[in-house]
Structure formats: C-alpha cells, structure tokens
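Reading through the structure tokens given below for one structure.
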Amino acid sequence: MSPTSSSRRRTLTSGALAAVAALVAAGVQLSPAHAVPGRDAAIARAKANVARNADLFGFGAGQDLQTKDVVIDADGTQHVRFDRTYFGLPVIGGDLVVHQDAQGRLKDSSRARGHNPVVRSTVPTVPAKTTAAKALAAASGISSATSEPQLVVWAADGIARLAWQTTVSGLGKQGQPSGKVVVTDATTGEEIEQFDSEHEATGTGHSEYTGNVTLGTTLQANGQYALIDPARGHTTKDAHNLAAGSIKASSGTLYTDADDIWGDGKKFSTDRATAAVDAHANTAWTYDYYKNTFGRNGIKNDGKGATVFVHVGTNWDNAQWSDSCFCMMTGDGNGTTDPEQVDLDTMGHEMTHGVTSATANLRYSGESGGLNESTSDIFGTMVEWYANNSVDTPDYLFSDQSTPPWLRRFDKPSLDGSSADCWTKKVGQLDVHNSSGVGNHWFYLASEGSGTKTINGVTYNSPTCNGSTVGGIGNQKVAKIWYRALTVYMTSTTNYAGARTASLNAAKDLYGTGSAEYNAIAAAWSAVSVA
C-alpha cells in the first residue's frame, strides 16, 4: 500500500468508516462459488439468525459476513460457517458457526473470541508495517525475504484492535521456500503473535517405480499442498520440457495439489505428477540414507535441500546433477522403451554427484572421472538397499527400472559391451561411464565375493581378473569404507591406485590394519588388477 492510499484513511471516525464500508460488497461472498439451492437457503437463514440475535453474535454496525463453508446433515440440520469483516477489514478471531435445524431455526452457535470487535485506533503509516516485516525476517532466519502486509482487526485474544498482519516469504535455513506471519499492534508497533504460514504435511504418492509412497509436503497459506519437503528441504518442479542446458534454480513450476494425493502410478504416465512422485520420494530416501548412515545433513552437509526438476527436455533419456543451479534434472526417457529417469538408484546416483563435488571433487575425466561415476553408481545402489522397497527390490543392477533390463551391472560390468571389468593402462582413455566398471566390479567383489550366487532373485556370477577367490564383507561395510575414503582421503585427481590407498586408509581407520575388512578391501582391489 502506497503512502498516498494510506493517507486517505487516517482514523476510524464514523465518517471514515462509512467511506470504507461503501467499498465493501453488500452481499455475502460464497465459497465455493457454485450456487446450490439448499446451500443458498441455509446461508440466507443463517445470516438472518445472526441479525436477529445480534447481541449473541456480537454483530453490529460496520460488520459483514463472508461464507466460508456449509455442512448439511442427513436430517437437514445446517451448520453455516462465516468469517467476519469490520468495515472491509478481516476480523482475525471473529469467525462463527450458525447451527440451525432443517427449517432454519437457530439451535446453537460457535463463536471465536473476537465476536464483538470495537476498535478505536489510528491507521499506521507505511514505515510501521515495513519495520515489522524486516524484524520478522531477521528473527526467523528467512533470507531473500519479501513481505505482504495487510491491515486487519485483531481480536483472536478477545481484545479488538487494529493490527498489521505481515506475511514474510523467502528461503528457510535448509534453502526451502519458507514463510512466517507476524501480527503487530498498529498503534504501538508491539508484536502480538507470529506463526508459520506454511505447515508440514504428509502426502500420498502413486509412483511409477516404487508403488504407493509417503511424501513430505507443505501446506501453503493458499490452502494448496506443494512438493516442498519441510524435513529435508528439497523442492520438486516441472521443467515443462525445458532443455537441461537452459535450466536455472528459478526455472519451472512448483508442483501443487489440492488434496495431497499425487500421481497415478502408471509407466509412461500422462499425469505429469507421477514422475514428480518418484523424484520427490527417491530424493528423500537418498537424503535419509546419507543422514542416517553417515550423519551427512544434505548434499553439502549444510542442511540445505536441492531443487529437483522432472520432465526435462524432449525424449531426453538421461538424468544429471548441476552444481550451478544446485539441482537434479531428469528426463522423460526415449519415449518408446525407457520411461522417466526417476527410479531409486538413478536419483541416488545424481544426488551423489553433488556429494562428490562437495568433497573430493573428482575430475570428470580420465580415471578420476571413472571413479566419480563409480561413486555415484555405488551410493545410488546403496540407496536402493537402504530403501528396501518391495516393488524396486535391492540389487546390483544399476538403473534396471528406468532402463530395463539394466544400464550397468556390478558383478561383471563388461556385459554391457563397453565397460571395463579390470584395470589396464588404457582404462583412463575410456568414457567415464565405462571406466567406472573397475570401481563397480571392486565394490561387488568386496561386498559379495566372487563366483555365482543369487541375491533377491537375481543371479550373479562375478569373476576375478587374477584368478583368485574373493570373499565379501557385505555392502554396508564397504560403503562405509568408501564414504570415508571419498570424504577424507581422495582428491580431485585421485586415480584407481590412489583409490586403493584411500580405501585401505579408511578401512584401517574404521576396522584396523590386518582386520578382515582391511584384507577384503585389499583382495578385491587386487582381483580387479589394481595393485
């Protein structure tokens, strides 16, 4: 509100109130807008009941009612809920419910504390409201804050007075969209109350890959639910097929919904929220895996969530992480055989690229590039094991859901026709997605051992490059060792020989030199020809 418009209404004198009242619509506003005969009759009778019982409802000059809801019982009993205004200003705490029988006769009432607003005050100037917003932003830790002040009659505590109700929107401590509401006395400037404008919710998602899942969502001030995970801070958006190279953090549209039920659970779904369900849920599983396994609080270990974009590009059969926008981007597949790239291990893979960037920052070329990709494959797979989902059961087949039957596998990476099982001097010349095979093969051998075995219904047969027989120590121990190696010992130019040294240092730290774990890590590296 500009200073000019504010100066038109300085005090609540009788003349000024009449002028304000002239701006208020004479009729009752209905919500929702659909006209229903029984509903309309109930509203008219309820309004008449309020007028006839003005003392009971504290209804007097300058007041008006806005219909919020109508409930009609099977026996015809009517419950009409109203919000109250006072010369056009919302009365906070002035809401009421009229209970009446099928003929519209008053039976009872429910009234909030501010049912009889009598206000004597002065309308504040613009600086009074902006100061409150700045103070709230500073106190609440909301960055990049914008404020939306509104003049109201505050009567929630039974003492009616003019107040500024200011909504401050911005980014919270985890980088997620956040909002606070502060109410300040319009005359004294003192704070009356503050509260969150957005509330945590639990949505139901019908996913493409993991069945029916629970989603962390946020109930916004406008009554819509949004794919903003309040516990983890990540936000899921529709990229509207914008190319990956054009996406910024501000791109796309936040997913919102009226009933907090998302997606239809179909592959190649035409419901654009279905891919968002997988992306949102699987990002949460990834966050929880790192948090609960390693104590890592988000990608950068700073508690801030990332932005996840679905429907990136046109028939883009890929997914990627971007440091520049601190976001994950997922495509819709090739349009024929591969559906959306939002399955569990793929989302874990992409989020791990961010973890690697924030730690060892392995260069994305040569052997270090292969280690970068292998690290994402390893931890993406571990997210799948952590989730232990009954629909997408844990395995050592990377991206088997979105790229059936699999994109890469761990027991014998060369089965894809391009990846390396064993280290040679030429490994660094391969594409990083193929040189990663050495690291993936090492991880499988260290976890499960060599030879043939069936795990969760999948048969594996992992050879060794030196003809040895290797025993595994379980993937949880190996992942723990690899995480410490990544975050403590590896650097941007670490190669496979350096990775062996780093992981042995980590095994020594965690289990001791000469331990079964230390020896298994060494034997697995030797089994893929990394000495």
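Bear in mind these aren't lab numbers, they're just calculated from the coordinates by the rules spelled out. What you see is a predicted model, and the numbers here were worked out from it, not measured in a lab. All Cβ positions, glycine included, derive from the backbone under ideal geometry; neighbour counts span all protein chains shown.
The length gained on full extension between ASP75 and THR513, counted as 0.36 nm times the residue separation minus their Cα-Cα distance, comes to 149.8 nm. Shown here is the pair-distance distribution of the stretch 57-107: with all Cα-Cα distances grouped in 5 Å bins from zero up to the longest one, the shares run 5, 21, 25, 20, 14, 10, 4, 1 percent.
Each semi-axis of the equivalent ellipsoid for the stretch 422-515 is √(5λ) with λ an eigenvalue of the Cα gyration tensor; in descending order they amount to 22, 19, 12 Å. Here the average projected area of the convex hull drawn through the C-alpha atoms of the stretch 237-372 stands at 8.9 nm².
Name all residues of the stretch 90-104 having a backbone nitrogen under 14 Å from the label point set 7 Å from the Cα of ARG113 along its Cα→Cβ direction, giving them as ranges. Taking a point 7 Å out along Cα→Cβ of ARG113, the residues of the stretch 90-104 whose backbone N falls under 14 Å are 92-95. The stretch between LYS248 and ALA201 holds 14.2 nm of extra length on full extension. This uses 0.36 nm per residue minus the Cα-Cα distance.
Each of the peptides 282-293, 260-271, 469-480 was scored by the mean count of other Cβ atoms within 10 Å over its residues; in descending order, highest first, they stand as 282-293, 469-480, 260-271. Taking 0.36 nm per residue of sequence separation and removing the Cα-Cα distance, the ASP431/ASP40 pair yields an extension gain of 133.8 nm.
Each peptide in 445-451, 401-407, 345-351 gets a packing score, the mean of other Cβ atoms within 10 Å over its residues, and the list from highest to lowest is 345-351, 445-451, 401-407.
Using a Debye calculation, one point per C-alpha and no hydration shell, please list log10 I(q)/I(0) for the stretch 364-506 at q = 0.19, 0.22 Å⁻¹ in order. One equal scatterer on each Cα of the stretch 364-506 leads to -1.17, -1.57. Descending by average beta-carbon neighbour count within 10 Å, the peptides 368-374, 317-323 line up as 368-374, 317-323, the highest first.
Across the stretch 386-469 the C-alpha pair distances fall into 10 Å bins from zero in the proportions 17, 49, 29, 5, 0 percent. Once you divide the Cα radius of gyration of the stretch 283-342 by 2.2 N^0.38 Å, the number left is 1.29. The value for the stretch 192-254 of Rg(Cα) / (2.2 N^0.38 Å) is 1.35.
Taking 7 Å steps out from each Cα toward its Cβ at ARG363 and PHE294 produces label points 2.2 nm apart. Volume per residue of the convex hull around the Cα atoms, evaluated for the stretch 241-288, comes out as 121 Å³.
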